[in-house]
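Structure first, commentary second.
The values are calculated or read from the model by the stated rules, or taken from the named source; none is laboratory data. Computed from a predicted model, the values in this text were never measured in an experiment. Cβ coordinates were reconstructed from backbone atoms using ideal geometry, including for glycine residues, and neighbour counts include every protein chain displayed.
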Amino acid sequence: MDLKMMIKAHAKELGIDKIGFTTADNFAALKPSLLAQKAAGHTTGFEHQNIDERLYPDKIFDQPQSIIAIALAYPAKIHERPPRTGPKRGRFARASWGIDYHTVLDRKMASLIKFIKRTAENDPNLRFKPMVDTGELIDVVVAQRAGLGFIGKNGLLITPEFGSYVYLGEIITNIKFAPDEPMTSQCGDCTRCIDFCPPKALLGDGRMNGQRCLSYQTQTKGYMDPEFRPMIRNVLYGCDICQQVCPFNKGKDFHIHPEMEPDPETVLPELIPMLTLTNKDFKTRFGKLAGAWRGKKPLQRNAIIALVNLHDRSAIPHLLEVIEHDPRPMIRATAAWAVGELQPSSNPEIETFLKTALAKETTPEAQVAFQDALDHLTQH
Ligand code: SF4
């Protein structure tokens, strides 16, 4: 068996669901598209900023020969959900269920590299550079060229076996492997992801306006534009709509990796307790999730918005507490907006409360939100 076959066989034993190989040739054909996306303001700032390093493996690795791409399937359904009748809950998108996938994939790739080194009798000349998501290369593009799947109109890698519910990682190496056959698009005439995306973020050719993507919107740290607030529904992190509507994901729900199993109380948390989450609670309860990477503030802002979207009026006293005590202007401002949205009729007590809070408020951002909330209430 040659080395490639041995790696493929061992990858299965390591719990790697798909593996493919491609050359270390550059991806320069994408450069005009990446530049156009940047010029159009469609990027989010979460991308690696050096475009050439994203496209030329030899800019980040000395004399690369191949790239090994891997995919791990993640679950799409929570089998034991909390009762729907209890307190209102938020939701983390699927890619934030279980332990942070960066950790899971890093471990798998480290084991794979160890195996390759051992098999090659620890040849000191062999070199590897693994990366997941935050690395320089564009994961979906590498995975497509390595034959793991095709890139859908939603910009995600779609595998025939697991749909798009896969995490991707890749390893650049100076070992030469025969490349696998890339897959071409199988979307055909389907436009479901484009049609169902609430903010119309998808451009139709696999690219998106990242600034309009709801997943991005849930990860920003500032005041969320009112346009997007109803669209996030009760999602605290991520989105998933363009995955849920994709026919290639129909019936796909793989529970292969125990570390990816969602804990319902963590990924479907009650919303009201989120408002007063301490740093310690946040770390203990959510610290291991991929969705924790931006800290607790965006999640708390999204929890406030979710309470409005779920029309939970029982949240009003808790929101007033937030307005009075939370040290962060953006959170106070979002809470004031929420009170204005949730309070069904004019209420002198709440109006007096907001007027007092406005008189004490020192940040223009929160002052505007408090005044808007007051105007909203007095219009009832
Ligand atoms: Fe392609 Fe349709 Fe899936 Fe979008 S929803 S990625 S168009 S198959």
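Checked against (1) surrounded by fewer than 19 Cβ atoms within 10 Å (Cβ to Cβ); (2) modelled with pLDDT of 95 or more; (3) in contact with a Ser or Thr (Cβ under 7 Å, 6 or more places away or on another chain); (4) of a type outside the set (A, V, I, L, M), SER346 meets all criteria but (2).
Residues that are more than 10 Å from GLU341 (Cα to Cα) and of a type outside the set (A, V, I, L, M, F, W, C) within region 299-320 comprise GLN300, ARG301, ASN302, ASP312, SER314, PRO317, HIS318, listed in sequence order.
Residues in region 224-260 that are touching a residue at least 60 places away in the same chain (Cβ under 8 Å), over 14 Å from the mean Cα position of the chain (by Cα), away from the ligand (no atom under 14 Å from the Cβ) and buried (at least 18 other Cβ atoms within 10 Å of the Cβ): 6 in all. Scanning region 289-331 for residues that are in contact with a Leu (Cβ under 8 Å, 6 or more places away or on another chain) and basic (Lys, Arg) yields LYS296, ARG313. Look at region 316-369 and say how many of its residues are among the acidic types (Asp, Glu), free of Cβ contacts under 8 Å to residues at least 60 places away in the same chain and within 21 Å of THR220 (Cβ to Cβ). Of the residues in region 316-369, 2 are among the acidic types (Asp, Glu), free of Cβ contacts under 8 Å to residues at least 60 places away in the same chain and within 21 Å of THR220 (Cβ to Cβ).
For region 278-307, the set of residues classified as surrounded by 17 or more Cβ atoms within 10 Å (Cβ to Cβ) and either without any contact (Cβ under 8 Å) to a residue 40 or more places away in the chain or β-branched (Val, Ile, Thr) (or both) consists of PHE282, ARG285, PHE286, LYS296, GLN300, ILE304, ILE305, listed by residue number. Consider region 140-169 and keep the residues that are under 18 Å from CYS190 (Cβ atoms) and part of a strand (DSSP E or B). The one that is nearest to the ligand (Cβ to nearest atom) is ILE158. Of the helices (runs of 4 or more DSSP H) that lie entirely inside region 225-327, those containing 1 or more residues that are small (Gly, Ala, Ser) and over 30 Å from PHE162 (Cβ atoms) span 296-309.
Yes or no, residue by residue, for (1) among the small types (Gly, Ala, Ser); (2) under 22 Å from LEU3 (Cβ atoms); (3) at pLDDT 95 or above; (4) touching an Asp or Glu at 6+ places or on another chain (Cβ under 9 Å):
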{"site": "THR85", "(1), (2), (3), (4)": "no, no, no, no"}
{"site": "GLY90", "(1), (2), (3), (4)": "yes, no, yes, yes"}
{"site": "ASN122", "(1), (2), (3), (4)": "no, yes, no, no"}
{"site": "GLY135", "(1), (2), (3), (4)": "yes, no, no, yes"}
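Taking first residues from region 185-209 that are within 9 Å of the ligand (Cβ to nearest atom) and partners that are polar (S, T, N, Q) and modelled with pLDDT under 95, no Cβ contact under 8 Å between residues at least 6 apart in sequence or on separate chains turns up.
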